[in-house]
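The structure appears right after this line, and notes come after that.
The values are calculated or read from the model by the stated rules, or taken from the named source; none is laboratory data. Note that this is a predicted model, so its numbers are computed, not measured. Every residue, glycine as well, gets a Cβ built from its backbone with ideal geometry; the counts of neighbours run over all protein chains shown. Ligands, DNA and RNA are excluded from the accessible area calculation, which covers all protein heavy atoms including side chains. Shrake-Rupley method; radii C 1.70, N 1.55, O 1.52, S 1.80 Å.
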Amino acid sequence: MNKIQSSAIALMSVDSVLSSEVEVLHSCFQFFSSATMAGRAGTFSLSGSLDSQIEGLDGESLITSLQSQLKSLQDRVKELEIENARLSSQISNCRCYKIEGNSDCSVVSRGNSVEESAKLQAGSDVEGPISIQGGSSDERSENAGHMEATKSINGTKKKSREKTEGCNMKTLHHCAKRYVALKIMYFGQRFYGFASEAQMDPTVESEIFKALKQTKLLVGDKEDLQYSRCGRTDKGVSSVGQVISLFLRSNLKNIGMHVNNEENAPSDICEEEIDYVRVLNRVLPKDIRVIGWCPAPTDFHARFSCISREYKYHFWRGNLDLSAMEMAGKKFIGEHDFRNFCKMDAVNVHNYRRRVTSFDISTCNERSESDQIWEIIIKGSAFLWHQVRCMVAVLFMVGQGLESPNVIDILLDTTMTPRKPQYAMAPELPLVFHSCEFEGLNFICSPDAMKALREHLKNEYQTYRLKAAIFHEALLICLSATNVSDGSPLNYTKKKKAVHVPLTSRPTEHSFFVPPSLGWAIMSKYTILVFLIVLTKLQ
């Protein structure tokens with residue numbers, strides 16, 4: 001790194017001298033032209049500022065002297081150009097320069113001033129990478145934000161290098177790093193779930209990693225990040241307490257990689273650290289926000305270190321029998337086999353026993369003129385795929401009087417009901433992954449970041465309330481329209497009410513779920529087997 005620093009400083013010094021010499025050369029050209037004309041006319045006179053040795057020369061001698069100086073300056077310019085090319089070649093062959101150049105991580109975020117670049121050198125939490133240290137503040141600013149692409153002898157305007165999107169995660173191997181847990185909230189309506197393995201975009205995870213790359217917080221290769229997440233919420237599901245963990249760039253050079261727990265990271269040290277919440281929230285989309293961060297030990301895992309998880313499902317009360325729903329929901333408490341309350345995944349899951357620690361139904365503050373929003377709160381150690389939505393779907397049948405609360409006992413008894421009856425899950429939009437609990441993690445957020453977060457959430461809340469008011473206005477107009485009243489002459493056919501089939505009398509689903517990729521593999525094996533049998537018979 002010292003080699004590239006010294007080379008960069010030397011190159012900038014040569015460029016500065018070259019610019020000065022070119023300006024002198026240009027002035028000399030103008031002076032030489034005027035002197036030549038005046039010398040030939042015999043009317044040339046020298047000012048007192050010129051050298052005394054030149055003042056005594058006549059016109060022809062002066063022209064000869066200027067020609068000699070001009071030749072000397074031209075030779076000097078050629079020497080500087082050769083030196084400039086040599087230093088440029090030396091820097092381009094440097095490994096550090098190649099790494100930074102390929103990913104374009106040597107530029108600071110657009111709009112940063114010279115002072116911000118200097119703060120970055122000192123280890124502040126400004127969004128951007130570590131730039132080349134050394135030299136003046138002007139040189140650091142030039143290297144960080146506007147690397148010179150071309151410069152002509154006539155002093156033409158510099159061309160800024162365009163910054164490419166994203167960042168190669170191999171760029172910051174030399175930076176200090178620490179293992180960090182981030183608490184995240186998101187509104188999941190437009191996302192294809194949290195995890196990004198399904199090859200569907202956008203996902204919450206993909207947006208988070210875009211922000212991490214843009215802020216240059218990733219250190220090392222993706223395999224070295226030790227990334228983990230607490231839960232994999234499905235498409236449309238929201239969260240106000242998701243937790244992920246991974247290695248991130250740090251301002252604390254001497255913190256080390258193995259002393260990142262809370263005991264070794266007091267509040268005064270955390271204040272010197274990068275404000276991860278503020279930095280990431282500047283670039284994340286409006287429906288994703290980081291609400292806290294915490295130093296974590298390197299053996300921490302966001303999924304397997306989690307003690308408990310809590311989900312909330314919001315719904316309008318309507319005519320639901322809440323007492324019957326709560327009576328049925330209490331039957332979930334304890335450790336049971338929930339294979340009849342989930343989507344089967346025999347490839348990845350072999351144990352369907354889970355423990356539910358608490359169940360409750362309570363009111364929310366939101367209400368309309370004739371109805372109110374309630375919420376189902378379910379807390380447990382872990383949950384199966386679609387477990388909460390299946391549980392809620394059966395509870396709604398109980399609340400509508402279609403099923404007895406005892407149906408929960410029947411479905412939890414896998415001896416009596418070995419296969420799941422076919423029924424539709426509850427919608428995904430009202431489901432919220434509310435919180436997850438860990439031992440020894442205390443998430444923090446700076447006052448500035450918390451103030452900006454509250455302001456953002458307040459604005460988003462007001463925006464959605466305005467949208468709700470518009471929909472409510474449209475609803476009132478439709479209700480007051482005369483052409484859709486009960487006395488309308490139009491002959492509308494009423495929709496037939498669906499007949500409810502008891503869960504115990506419905507067809508059952510398959511005992512296991514085969515992903516499409518595995519299904520194709522199984523079909524391929526059978527195809528090969530059939531081909532071999534036919535080939536044997538032909539022989």
For this session: May I ask you to give the solvent-accessible area per residue for the stretch 308-438, in square angstrom, as obtained with a 1.4 angstrom probe?
Result: 46
Exercise. Roughly speaking, what is the stretch gain from A424 to E60, that is 0.36 nm per residue apart minus the C-alpha to C-alpha distance, in nm to one decimal?
Worked result: 120.7 nm
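Quick one: order R309, R232 from most to least accessible surface, probe 1.4 Å.
Ranking R309, R232 by accessible area, largest first, yields R232, R309.
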Problem set entry | Candidates per chymotrypsin sites (Phe, Trp or Tyr not before Pro) in the stretch 296-391, loop by DSSP, up to 13 other Cβ within 10 Å | F304
Seminar exercise, completed: XL table K177/K210; K312/K496; K286/K467; K420/K497; Cα-Cα > 28 Å flagged, in table order, is K312/K496
Exercise. Which GluC sites (Glu not before Pro) in the stretch 171-226 pass both tests, a DSSP loop state and at most 13 other beta-carbon atoms within 10 Å?
Worked result: E197
For this session: Once you have all Cα-Cα distances for the stretch 417-459, histogram them in 10 Å bins from zero and send the whole-percent values.
Result: 17, 23, 30, 14, 13, 3
Problem set entry | Accessible area (Å², 1.4 Å probe, nearest 10) - H336 | 50
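Find the all-direction average of the projected area of the Cα convex hull for the stretch 298-379, expressing the result in square nanometres with one decimal place.
Working: hull surface 31.6 nm².
For the Cα atoms of the stretch 298-379, the hull's average projected area reads 7.9 nm².
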Exercise. In sequence order, what are the phi-derived ³J(HN,Hα) couplings for the stretch 353-367 according to the Karplus relation 6.51 cos²θ - 1.76 cosθ + 1.60 with θ = phi - 60°, rounded to whole Hz, with x for glycine and proline?
Worked result: 8, 9, 10, 9, 9, 7, 9, 7, 10, 9, 8, 10, 6, 7, 8
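The stretch 308-438: Rg/Rh from Cα coordinates, Kirkwood Rh? Please report the intermediate quantities before stating the final value.
Details: Rg = 14.5 Å, Rh = 15.1 Å.
Rounded to two decimals, Rg/Rh equals 0.96.
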For this session: With r as the distance between the Cβ atoms of Q90 and S368 and R0 = 41 Å, compute the FRET efficiency 1/(1 + (r/R0)^6) and round to 0.05.
Result: 0.05
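How high is the FRET efficiency from R282 to E83, r the C-beta distance, R0 35 Å, rounded to 0.05?
Working from the Cβ atoms, E equals 0.25.
Between R190 and D409, what FRET efficiency follows from the Cβ-Cβ distance if R0 is 35 Å, with the result rounded to 0.05? Present the calculation step by step, with values, prior to reporting the outcome.
Values: r = 39 Å, r/R0 = 1.12.
Result of the calculation: an efficiency of 0.35.
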For this session: Would you kindly state how much longer the chain becomes between R465 and D448 on full extension, computed as 0.36 nm times their sequence separation minus their alpha carbon distance, in nm to one decimal?
Result: 3.5 nm
Seminar exercise, completed: Here the gain from full extension of A382 to K496, 0.36 nm per residue of separation minus their alpha-carbon distance, amounts to 37.0 nm
